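Please treat every number below as a calculation from the coordinates, not as lab data. Keep in mind the model is a prediction, meaning the values are calculated, not measured. Neighbour counts run over all protein chains shown; Cβ positions are idealised from the backbone, glycine included.
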């Protein structure tokens, strides 16, 4: 576990993590990046309101981040004990708007029935969908980030092997985007 001095570090904010086994909330510190002009301010929730909403709905904390702060935040969460990446996915938020990359992290402790969970959402504009890769924190992200790139075109910077894995390289555009128009004709060569 990462321990900070008594005074709160610059750029860090209080956050709550709900223990799903006991239902209690524990207080911690998490980096809260400033909003940027690329993402509208309405995207970010007040952490207290967000924790209250998650308490009723999902039982775990959701954190929405600016894309350039993903790597530092995930390293801090890893130091806090969130060492298991349950899943990573991506989706198109709105037509012509934002793309989102979602990371589900779990803090697994010995003799705990229900581990603590955190969901991180990182948004990127569709015009330049670039997000820093956290492959070097969790190696299991190799194929997950490649699939998000293949289906939605999110370019994960510093990923060692970012190429298509489900669709052949000459495929035009990204099939899971809302503005994707499926062609009427597919030419499959050498198929029997």
Inset, instruction - Please order 92, 142 by the number of other Cβ within 10 Å, starting at the fewest. - result: 142, 92
Inset, instruction - Would you kindly calculate the translational diffusion coefficient of segment 124-166, applying Stokes-Einstein with the Kirkwood radius from alpha carbon pairs, for 25 °C and a viscosity of 0.890 mPa s, and quote it in µm² s⁻¹ without decimals? - result: 239 µm²/s
Inset, instruction - Multiply the residue separation of residue 163 and residue 121 by 0.36 nm, subtract the distance between their alpha-carbon atoms, and state the gained length in nm to one decimal. - result: 12.9 nm
Legend entry - Neighbour-count ranking [beta-carbon atoms within 10 angstrom, fewest first] of 89, 119: 89, 119
Legend entry - Separation of the residue 140 and residue 181 label points, Cα + 7 Å toward Cβ, nm: 4.1 nm
Inset, instruction - Please report 121, 178 as a ranked list, fewest other C-beta atoms within 10 angstrom at the top and most at the bottom. - result: 178, 121
Inset, instruction - Counting residues in segment 73-192 as N, plug N into 2.2 N^0.38 Å and put the Cα Rg over that result. - result: 1.24
